[in-house]
Amino acid sequence: MTRLAALGLAAQRRPEGWLIPAAAFSSLEALLEGFSRTERQDLLAAPCQSGGQPDPWHTAPLERWLERLESSWFVAATGRLRFHVQPIADLRRAAVYGYEALVRAEGEHGLIGAGALLQAAFAQGQSRAFDALARREAIRQVYPQLGPGQVLFINFAPGVVYNPDVCLQTTFQACREVGADFSRLLFEVTESEAFPDLAFLRRILERYRAEGAQVALDGLGAGHTGLTYLAELRPDLVKLDRALVRGLSTDDPRFPLVQALVAYAHSLGIRVVAEGIETAQELQAVRELEADYAQGYFLGRPAPAPGGLTAEALARG
């Protein structure tokens, strides 16, 4: 009560808790700041039903409700999804192998990035629906822009796929709508969350492959992608975590370690993408590692349409 009074919140004490009017919601962020991260999870809130009583079925941490209030723009944004694309270079041919589709949305003040969209989807309880929508729209919007033989990299979060046979049908339907060659689609497991158990993740990847698509794991050497996942899942591609590549040179102490990771992947028949290439030195290092592909600002920044590789990258080809 002391904290509520200090903030000037016109809260009413009731047997079931404190009733805070909508006009005072803007002060709730300041209220949260008075609690530790651990305590915040115990500060629960629920919306009122039509009779003025709290709805126990929708009780959640107050912090989560504030995130929902602050992301009220999310529903409208899902109707305005756009994609930037970033090239992935084939290091042997010095040419574009494919493009990764990176989700954006048109907002009132410019484009909304993927991080904000994913956070808002989680706050709104729409992670599963948003992931599926982003996959479908990436295929519809980006695939028709690709050049002959180029591959479309599409991110997906495995934790939102509760049944591969059910959840992926709309994705496959979008592929058929644009006449996509499934062999030119590559579905990439993102490292934004811990992967589900190996058996279930294998089911998801096998379902994509059954349609003729390729699959990839992200973040080898960091995050959730370990050597066990490579051996058990045998994806078509794996992406080296950018932390392993940042500032890398052939005389770097990390070089033998990264070289061993690349060699191990190759021994399993898995091709390797080096992420986060920002300098000519890093590009030369990953060539020496015998990585198959590379991606990063030095090769090409995300852009609204496919634009090929940078002149600097081509000059190093």
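Assuming charge only on the beta carbon of Lys and Arg (+1) and of Asp and Glu (-1), the dipole of the range 109-207 about its Cα centre is about 200 debye to the nearest 20. Near residue 288, within a Cβ-to-Cβ distance under 15 Å, what is the net charge of the other residues, with Lys and Arg +1 and Asp and Glu -1? Once positives and negatives cancel, what remains is -1. The shape of the range 268-317 comes out oblate: with a ≥ b ≥ c from the C-alpha gyration tensor, a/c is at least 1.5 while a/b does not beat b/c. Our coupling estimate for the range 91-106, obtained by passing each phi through the Karplus curve with A = 6.51, B = -1.76, C = 1.60 and θ = phi - 60°, is 6, 7, 9, 6, 9, 6, 7, x, 9, 8, 8, 10, 6, 9, 8, 7 Hz, Gly and Pro reported as x. Just checking the listed ones, 127, 267, 27: in the Gaussian network model of the chain with Cα springs under 10 Å, the one fluctuating most is 27. Measure off, as a whole percent, the carbon and sulfur share of the 1.4 Å-probe accessible area of the chain, all protein chains present. Result for the chain: 52 percent of the exposed heavy-atom area is carbon or sulfur.
Over the chain, the ratio between the Cα radius of gyration and 2.2 N^0.38 Å evaluates to 1.18.
Probing with 1.4 Å while keeping every protein chain in the model, the per residue accessible area of the chain equals 49 Å². Where does the charge balance sit around residue 85 when Lys and Arg score +1, Asp and Glu -1, over other residues with C-beta under 12 Å from its C-beta? Residues near residue 85 contribute +2 overall. Taking Cβ atoms as reference points and 13 Å as the exclusive limit, the residues near residue 105 contribute a net charge of 0, counting Lys and Arg as +1 and Asp and Glu as -1.
Highest mean packing first, where packing is the average number of other Cβ atoms within 10 Å per residue, the peptides 287-297, 95-105, 254-264 line up as 95-105, 287-297, 254-264.
What separates the Cα centres of the range 155-181 and the range 54-111 is a distance of 18 Å.
In a reduced charge model with +1 at each Lys and Arg Cβ and -1 at each Asp and Glu Cβ, the range 206-313 shows a dipole moment near 180 debye about its Cα centre.
Just to be sure I understand: with springs between alpha-carbon atoms less than 10 Å apart, which residue in 124, 49, 284 has the highest mean-square fluctuation in the Gaussian network model of the chain? Sorting by GNM fluctuation, first place goes to 49. By the combined test of axial Cα extent (at least 20 Å) and Kyte-Doolittle hydropathy (mean at least -0.5), the qualifying DSSP H helices of the chain come to 127-142. Rolling a 1.4 Å probe over the protein chains gives residue 266 an accessible area of about 70 Å².
The ratio of the alpha-carbon radius of gyration of the range 54-177 to the globular-protein estimate 2.2 N^0.38 Å is 1.24.
The values are calculated or read from the model by the stated rules, or taken from the named source; none is laboratory data. These numbers were taken from a predicted model, which means no experiment stands behind them. Don't worry about glycine lacking a Cβ; one is built from the backbone with ideal geometry, like all the others, and counts go over all protein chains shown. Each accessible area value is taken on the protein alone, full model and side chains, heavy atoms only, with ligands, DNA and RNA left out. Shrake-Rupley method; radii C 1.70, N 1.55, O 1.52, S 1.80 Å.
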